[in-house]
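Here's the structure, in structure tokens; my notes come after.
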Amino acid sequence: MRPLRLHLSDFGSFREPVTVDFADVDYFALVGPTGAGKSTVIDAICFALYGTVPRWGRENVISHALAPSAVSGKVALVFESSGRRHAVVRALQRDAKGRVHTKEARLDELDPAVPVTAGLDDLLGAVLRPVAEGDAVTPEVQRVTGLEYRFFTQCVVLPQGRFAEFLHAQPRERQDLLVQLLDADVYELIRQRAVREEEAAKQAASFARNRLARLADADEAAEHDAQTRLAALRELAEVARNELRALRGRDDALAALRQERTAARQRLAALDALAMPPDVPTLADAVRQAGEAITRMTAEVARLAQAEQQAEDDLTRAGDKSALAALLAALDDHERLGRSLAAARAAAESAATAAAGLADSERAAGEALAGAERARERLRDAHMAADLASRLKVGEPCPTCLRAVTELPEHRAPAELGAAERALKARRDEAERARNERRRAEIDAARIQQKADELGGQLAQLTQRVSGADRDRARHDLAAVEAAEERLGKARRSTRTASGELSRAERRAGELREKSERSWRELDAARDRVVALGAPPLDRTDLHAAWASLLNWREKAARAERETATGLAADLATAERERDEARSALVTRLARHEVEVTADATPERIHETLAGSVVRAEHRLARVKENRLQAEELTTHAAGKERESRVAHELTLLLRANAFERWLCAEALELLVAEASVTLHDLSGGEYELVLGDKGEIEVIDHGEAGLRRSVRTLSGGETFQASLALALALSSQVAGLAATAARSLDSIFLDEGFGTLDPATLDTVATTLERLAGGGDRMVGLVTHVPALADRVPVRFEVTRDARGSHLNRVAP
């Protein structure tokens, strides 16, 4: 892990935002007064990665991260690890109760194409992919850096007062750190892979052996047999070629004979198929009779048509039937309207009389209503007078006459006013009913009178229309017209019947003529089918005679064809027998060579079967050769997989025990202690060296005490710092070369304080060692120191100061 950019905002004593650029720094020092906040910068790196700081004690304590007066804060770190660039951001928030919580935590992989000199926002914004958020950030940081938090603080960040943790650690704890640093877990993965490879090799070898066992005909004898059979079949095919050619000749001769026989049979069949249709002898008489019937029916239709025309003329002279019917209907309507008019006038007179009576009732109801209103008013006045009298006082003016009251009047109690009101309402309802009844009666009388007037108008019109008409004469004329219509209908039906019979006769005659023509065509077609056989020409005057002539010739030609067919049958039987004997001899010869064909196989089928046998023999020979080659490959493959299985098994046995891990860590620790011993020898002026004890503990050789070996815990504070520094530098220098993979590399080391206990000579040695460690350019070295002599030798210095506004950081020139 190598820092590129660190940003702090309200973190610890840094209350104002500050960004530290490490992009071009290999060796730097954080300098400044005690309490200025130098260690806070290292704390910010540790907090950004793991969410905690060694100085805070417990790992889950984050309240110290936020400046006391701040409500929120943020730490962002851009770093590179194993060739990839990442950014980790942690934001803090103080709640209403003063408790500090992590508001945001995220880890992103960044685009390395963005220059490291770009602004912080540009660096943080170039996200290739989000890696983790929230609680998952710390585990992902451990995966990316390859270090757990407890090991990070032992070999990358060496905080104040904790330089000696790795030096004083128990052997098991040092082994855990070395297992992680050296990526020794990979050997367990190798062992597991070896187990899988062993099983896979065993299965592959077993599969190859099984396939080898299933291979048949994979030896030299099988190949010799296949070659022998192929040679015999090829020789047989060469011999059979001439015999098959002869068989094809015989088959061609048989085909020609069969074709001749078929042609003779077809000619005979054509002759036998000639037959006179059964209706030919009577067809001529039927045509003649049909013509005579048409002549007779045509004359009858003409007579009936003349009778129909006479009936139409009689109907025309008889008069207009619709006019006569309309006149009779008008006479009937005139009589009916007369009766209806008399009834309507009587009803109108009765309605007028009823309306007059209802008008009298309406006047009586009005007078009763007026009387009830007067009685109600008189009773109301009586009530008012009684009320006024009850309020009069002797000596006061009367409100009516305005004279002084000398004596109080006496009034009897008036009747109830409500009874008068109810009587008035009853009279009013009666008057309203009388008025409504009178109005309805008047409306009905007017409607009846209007109906009577309408009937009178209609009757007057009909009277003008039927004036001078005679009902009996009209009835007589109408009956004459209907009789003429009846005669015309009967004539028309007779004409239609005769016309239908004529049409049917004409159709029958046409059918007979068409049948006669068709019979001639059939005769011509029958002759055409046998004209090639010598059929004679036909007489076109008589259909029956023509058929008889053709059938006489047919009898003679058929006898000649039957004699020809008999001779062809005898020749065909002889040829078939000779062909079958030759084919049987060839089939027998083929069977002796295990080439099976049926007794009736054609030459083409025999050739195909024999050729197929040759091809199968060739394929069998090729398959035997292929099986032999495959058997050799399977044998070689199985042997190779069995060797691989044995090698994987041996590797599994070698890596199975935990002793390998202990041995590996012990060897690595021995190398680390050896290099640290050289550094400590230089730092101590040759007084001390480091060695491993019998139980894996680190011991110191004290040359000032004649090479006495004693525990490193007996060293003084300054001596312990020297030994711890030497071991830390050895870890930083050697871990990349000792790791099982190239992924492990301690690209940075940060040393916090501890240099003030060194004498000038030792300090010079430490400075030289650190310069050599950072001089390669592949490792960042950071110091937190108060020692000017050491700080002056560091090429890059970040000065940390503190005032009332908090801590401040500035990069200063050396």
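The values are calculated or read from the model by the stated rules, or taken from the named source; none is laboratory data. Since the structure is predicted, the reported quantities are computational estimates derived from the model, not experimental observations. Cβ coordinates were reconstructed from backbone atoms using ideal geometry, including for glycine residues, and neighbour counts include every protein chain displayed. Ligands, DNA and RNA are stripped out before the accessible areas are found, and what is left, the full protein with its side chains, is counted by its heavy atoms. Shrake-Rupley method; radii C 1.70, N 1.55, O 1.52, S 1.80 Å.
Ordering Leu651, His476, Val25 by Cα displacement along the dipole of the chain toward the positive end leaves His476 in first place; charges were set at the Cβ atoms of Lys, Arg (+1) and Asp, Glu (-1).
Spin-label model, Asp759/Val195: points 7 Å from Cα along the beta carbon direction are separated by 5.8 nm. For the pair Ala323 and Ala347, a Förster radius of 41 Å applied to the C-beta separation gives a FRET efficiency near 0.70, rounded to the nearest 0.05.
Rounded to the nearest 20 debye, what is the charge dipole size of the stretch 475-593 about its Cα centre when +1 sits on each Lys and Arg Cβ and -1 on each Asp and Glu Cβ?
Values: 25 positive and 22 negative charges, 59 e Å.
Computed charge dipole of the stretch 475-593: roughly 280 debye.
Counted over the chain, the DSSP beta bridges are approximately 80% antiparallel. Given R₀ = 35 Å, what would the calculated FRET efficiency be for Val239 paired with Arg265, taking r from the Cβ atoms and rounding to 0.05? Using R0 = 35 Å, I get an efficiency of 0.35.
Between Asp217 and Glu608, the C-beta separation translates, for a Förster distance of 30 Å, into a calculated FRET efficiency of about 0.70. Magnitude of the charge dipole for the chain, about its Cα centre and with charges confined to Cβ atoms of Lys, Arg (+1) and Asp, Glu (-1), is about 3300 debye.
Restricting to DSSP loop positions (anything but H, G, I, E, B) with no more than 16 other Cβ atoms inside 10 Å of their own Cβ, which trypsin sites (Lys or Arg not before Pro) remain in the stretch 602-689?
When the trypsin sites (Lys or Arg not before Pro) of the stretch 602-689 are filtered for loop state and at most 16 Cβ neighbours within 10 Å, Arg656 remain.
No solvent, one uniform scatterer per C-alpha: report log10 I(q)/I(0) for the stretch 379-503 via the Debye equation at q = 0.10 1/Å, two decimals. With one equal scatterer per Cα and no solvent, log10 I(q)/I(0) is -0.77.
Can you list which of the GluC sites (Glu not before Pro) found in the stretch 372-462 are DSSP loop residues with at most 16 other C-beta atoms within 10 Å?
Here the sparse-neighbourhood loop sites are Glu407, Glu410, Glu416.
Projected label points at Glu300 and Ala385, each 7 Å from Cα along the beta carbon direction, are separated by 12.1 nanometres.
Order the following by accessible area, largest value first: Glu148, Glu555. Probe radius 1.4 Å; ligands, DNA and RNA are ignored.
Glu555, Glu148
Annotation: extensible slack from Glu594 through Val691 equals 25.9 nm (criterion: 0.36 nm per residue apart, minus Cα-Cα distance). When the GluC sites (Glu not before Pro) in the stretch 475-553 are filtered for DSSP coil states and for at most 14 other beta-carbon atoms within 10 Å of their beta-carbon, no site remains. What is the sum of charges, Lys and Arg at +1 and Asp and Glu at -1, for the other residues whose Cβ falls under 14 Å from the Cβ of Val18? Every neighbour counted, the sum reads +1. Helix content alone sets the calculated 222 nm mean residue ellipticity of the chain: runs of n ≥ 4 DSSP H residues at -39500 (n - 2.57) each, divided across all residues, give -23000 deg cm²/dmol. Work out the P(r) tail for the stretch 674-720: percent of alpha carbon pairs separated by more than 17 Å, whole number. Beyond 17 Å sits 23 percent of the P(r) for the stretch 674-720.
With the highest mean first, a sort of the peptides 69-82, 132-145 on other beta-carbon atoms found within 10 angstrom per residue produces 69-82, 132-145. Rounded to the nearest 20 debye, the dipole size of the stretch 97-136 about its Cα centre is 340 debye, using +1 on the Cβ of Lys and Arg and -1 on the Cβ of Asp and Glu. Projecting the Cα positions of Ala344, Ala318, Ser390 onto the charge dipole of the stretch 258-402 (unit charges on Cβ atoms of Lys, Arg, Asp and Glu, taken about the Cα centre) puts Ser390 furthest along the positive direction. Scattering from the chain was approximated by placing one identical point on each alpha carbon and applying the Debye formula without solvent; log10 I(q)/I(0) at 0.04, 0.06, 0.08, 0.11 1/Å stands at -0.75, -0.72, -1.01, -1.21. Take the Cα of Ala413, go 7 Å toward its beta carbon, and the backbone nitrogen atoms of the stretch 356-387 under 19 Å from that spot belong to 379-387. Judged by the mean number of other Cβ atoms found within 10 Å, the most tightly packed of the peptides 6-13, 317-324 leads the ranking 6-13, 317-324. Only one residue of Val280, Ala290, Ala302 has its Cα farthest out toward the positive end of the dipole of the stretch 277-318, where Lys and Arg carry +1 and Asp and Glu -1 on Cβ, and that residue is Val280.
Modelled spin-label separation between Asp313 and Ala275, with each label point placed 7 Å from Cα along the Cα-to-Cβ direction: 6.2 nm.
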